[in-house]
1. Please work out which one of (1) assigned to a helix (DSSP H, G or I); (2) free of Cβ contacts under 8 Å to residues at least 12 places away in the same chain; (3) surrounded by fewer than 17 Cβ atoms within 10 Å (Cβ to Cβ) is the condition residue A:349 fails and give its number.
2. Being more than 7 Å from chain B (Cβ to nearest Cβ) and either in contact (Cβ under 8 Å) with a residue 12 or more places away in the chain or among the small types (Gly, Ala, Ser) (or both): is that true of residue A:126 here?
3. Under 6 Å between Cβ atoms, which residue pairs at least 6 apart in sequence (or on different chains) link something in the stretch A:137-153 that is more than 7 Å from every other protein chain (Cβ to nearest Cβ) with a partner that is surrounded by fewer than 23 Cβ atoms within 10 Å (Cβ to Cβ) and among the aromatic types (Phe, Trp, Tyr)?
4. Take the conditions on the phi > 0 side of the Ramachandran plot and either surrounded by fewer than 18 Cβ atoms within 10 Å (Cβ to Cβ) or touching a Leu at 6+ places or on another chain (Cβ under 9 Å) (or both) and apply them to residue A:209. Does it pass?
5. For the stretch B:225-258, which positions are outside any loop (DSSP other than H, G, I, E, B), in contact with a Gly (Cβ under 8 Å, 6 or more places away or on another chain) and not aliphatic (A, V, I, L, M)?
6. Considering only the stretch A:38-59, how many residues are more than 22 Å from residue A:234 (Cβ to Cβ) and modelled with pLDDT of 95 or more?
7. Considering each residue of the stretch B:257-277, count those that are surrounded by 12 or more Cβ atoms within 10 Å (Cβ to Cβ) and under 18 Å from residue B:226 (Cα atoms), and give that number.
8. Being exposed (fewer than 15 other Cβ atoms within 10 Å of the Cβ) and modelled with pLDDT of 95 or more is the requirement here; does residue B:35 meet it?
Number of protein chains: 2
Amino acid sequence: MTVDEQLAYLTKGCVDVVRTTELRTKLERSASTGTPLVVKVGFDPTAPDLHLGHTVLIRKMKHFQDLGHRVIFVIGDFTGMIGDPSSRSKTRPPLSVEEIAANAETYKAQVFTILDREKTIVDFNARWLSPLGAEGLIRLAARYNVAQMLERRDFKQRYETGKPIAVHEFLYPLAQAYDSVFLRADVELGGTDQLFNLNVGRDIMPSYGLEAQIVMTTPLLEGLDGVEKMSKSLGNYVGVTEPPGEMFGKLMSISDELMWRYYLLLTDWTTAAIDALRAQVAAGAVHPKQAKIDLAVEIVSGLVSAEAARRAAEAFAARFERGELAVDALPDIEITVPDVTIGLAKLVAEAGLASSTSEASRKIQQGGVRVDRERITDIKHRISVEKGSLVLEVGRRAAHVRLKPASG
Amino acid sequence: MTVDEQLAYLTKGCVDVVRTTELRTKLERSASTGTPLVVKVGFDPTAPDLHLGHTVLIRKMKHFQDLGHRVIFVIGDFTGMIGDPSSRSKTRPPLSVEEIAANAETYKAQVFTILDREKTIVDFNARWLSPLGAEGLIRLAARYNVAQMLERRDFKQRYETGKPIAVHEFLYPLAQAYDSVFLRADVELGGTDQLFNLNVGRDIMPSYGLEAQIVMTTPLLEGLDGVEKMSKSLGNYVGVTEPPGEMFGKLMSISDELMWRYYLLLTDWTTAAIDALRAQVAAGAVHPKQAKIDLAVEIVSGLVSAEAARRAAEAFAARFERGELAVDALPDIEITVPDVTIGLAKLVAEAGLASSTSEASRKIQQGGVRVDRERITDIKHRISVEKGSLVLEVGRRAAHVRLKPASG
């Protein structure tokens with residue numbers, strides 16, 4: 001690749017690149033000296049359960065690996081071991097060393113479906129932040145100004161509206177910035193909401209005699225609805241450890257417009273290749289459904305395997321093109337039924353095929369729900385626990401559901 | 001003493017007492033349980049060279065000792081070892097452990113003229129602040145808000161006028177506050193410019209399950225001119241290690257009005273006793289000069305000895321009442337003369353008897369300067385280094401000056 005092509009590949013889909021000219025200089029120097037760039041990405045040490053939204057950033061790390069650079073996956077155990085010291089939130093208790101190690105293993109299992117295990121360094125920032133001591137943290141804090149800190153959007157808003165900002169919240173961006181100093185990062189990647197924090201690293205590095213790192217941010221991925229950002233709580237997500245058939249069905253449910261966004265952010269395709277495919281679809285040379293199948297196959301291949309993707313595609317085709325349902329390829333879900341029967345709407349919601357019971361009711365009413373291939377439109381329909389198991393279809397998604405009595 | 005009398009004695013001369021009602025409760029509890037109060041005062045570890053302005057605070061510590069309480073003299077070696085990490089100022093380089101220990105000894109030599117050596121605990125805050133580590137400092141910083149910090153007058157002004165505040169400056173008041181937590185202080189004393197910092201300790205103590213400390217501040221002492229605050233650089237000071245005759249002469253030079261202020265802040269006299277003396281002076285029963293001599297004797301007795309004070313008073317009387325000059329009682333000053341002669345004005349300034357050469361010239365012109373008892377009014381007057389030594393009088397102050405050739 002020429003430097004221009006490398007730049008295009010690396011910045012594809014990014015929201016911010018601070019700055020492209022400096023990135024070019026670093027890439028040229030790296031090529032001429034044969035020294036890979038150090039690319040740093042920080043992750044929260046809380047229990048990871050990744051969905052495709054998270055993979056946008058991880059895939060950007062992969063793009064640097066593809067070009068031979070050195071990617072460091074930094075787990076923020078330093079702050080994780082502190083928890084939320086303001087005690088305002090019960091949701092961030094301190095994590096033990098064992099919990100953090102376990103979470104790191106879960107991260108690895110998930111991210112190594114995308115990243116090259118051999119080329120990825122996993123490190124923990126307590127290794128260099130703890131030894132700073134109280135004295136070192138004060139020296140670090142001397143390198144940044146209160147006014148600069150209050151420029152961060154959420155700090156500014158909270159300050160102006162009288163919502164409290166605890167003093168230690170000013171120390172976290174500085175701790176993260178020190179990660180870049182210690183690792184001598186050439187590039188730091190993060191979500192677009194991390195722009196300020198990443199720039200703090202950029203700002204303080206020169207005071208340590210280091211070249212300022214390049215800051216690159218990736219966007220928040222839209223969920224399957226194409227409107228809200230992808231999130232567990234909104235139910236519009238695809239988890240990276242979901243069964244291949246489930247992933248496939250979810251991906252086939254997205255709009256044609258969203259498909260192009262996913263091509264950009266969830267594959268390694270270059271912008272030029274995506275534009276070419278898009279032109280073919282626009283000209284009628286490729287059916288949009290085929291482009292969507294190709295996308296789903298590519299994503300499932302990357303996260304699971306080419307074989308799993310092929311089987312998911314086949315099962316999908318059998319069901320929707322030939323009316324068959326390959327039960328073997330469906331995700332297997334066990335639901336505990338507290339009573340002798342369970343409402344169908346509740347069952348659909350509990351199986352994760354709708355985000356709530358009321359959404360499930362709406363889908364039943366609209367004729368989108370089938371039980372063992374039979375369409376049910378009565379929202380009061382109930383299913384006996386004695387039925388044992390059933391195949392549940394909701395739109396393009398389907399699952400094999402096993403019912404378990406609560407007292408059993 | 002009744003509790004009311006104790007309160008009057010302890011709060012005499014204070015600018016702020018936060019809060020008197022709580023101090024009363026603590027004094028009553030201390031009396032009933034027989035447990036002395038813990039009274040904490042922090043001092044900078046930079047080279048101390050105390051003048052009477054500093055003794056106002058030290059004397060307030062003594063008042064607590066007089067009533068049987070436990071005074072802890074905290075030397076801020078934690079921040080002293082860090083220096084000024086913002087590097088904006090060259091004046092605060094980090095101090096070594098040896099320098100801090102040496103400064104502590106100098107402090108002790110000076111403050112034990114006022115405090116009871118047996119009843120005073122000298123401690124160093126790095127003992128508890130260093131072990132906090134980076135993690136502990138973050139937990140500490142979580143206990144205070146940015147908005148509260150920005151209420152401190154100098155922070156507020158700098159923030160509003162766009163002058164930088166480094167983030168670590170927010171950590172120093174918290175470190176000082178933690179001293180109070182660690183020592184379980186009942187009372188913290190400080191100069192009036194420390195009010196905000198002392199209140200931070202008061203604010204965070206309840207979050208550690210401790211009763212909030214009482215905060216008491218002492219005023220800045222006016223210098224000999226009665227206008228500016230006493231300071232080395234303004235030349236309007238009395239150093240605690242100056243020769244007794246020099247101290248005495250300086251104290252006799254103050255105005256009658258300032259005398260009452262010094263009675264309040266530089267002696268252990270109760271307000272009632274001072275008021276009584278003041279009434280006698282007003283009624284003509286006591287001459288103001290006698291009241292001033294009594295004050296000077298009291299201060300010099302406290303800082304040096306009763307014998308030294310008696311001799312200084314005698315020498316002063318001999319000179320100004322009987323026209324004699326007791327050369328033996330004069331401070332002995334050595335001045336290096338770089339040339340074969342030195343201008344009288346320059347000599348007066350170098351001997352510390354005027355704050356500058358131009359002030360010295362003015363005093364010569366006004367007829368206030370004598371050399372070996374002879375009045376000199378020529379501002380161009382020069383003195384030969386070969387003269388060896390001379391008695392220099394400037395107003396009510398006098399010194400024995402020895403001239404030393406520069407190359408000798």
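1. Condition (3) is where residue A:349 drops out.
2. For residue A:126, the condition - more than 7 Å from chain B (Cβ to nearest Cβ) and either in contact (Cβ under 8 Å) with a residue 12 or more places away in the chain or among the small types (Gly, Ala, Ser) (or both) - is met.
3. Taking only residues 6 or more apart or on different chains, the pairs are A:150/A:159; A:152/A:196.
4. On the way: on the phi > 0 side of the Ramachandran plot: yes; either surrounded by fewer than 18 Cβ atoms within 10 Å (Cβ to Cβ) or touching a Leu at 6+ places or on another chain (Cβ under 9 Å) (or both): yes.
Here the answer is yes, as residue A:209 does meet what is asked.
5. Within the stretch B:225-258, B:229, B:257 qualify.
6. Here the count works out to 4.
7. Selection size over the stretch B:257-277: 10.
8. Yes: the conditions hold for residue B:35.
The values are calculated or read from the model by the stated rules, or taken from the named source; none is laboratory data. Predicted, not measured: the structure shown is a model, and the values here were computed from it. Neighbour counts are summed over all protein chains in view; Cβ atoms, including those assigned to glycine, are modelled from backbone coordinates with ideal geometry.
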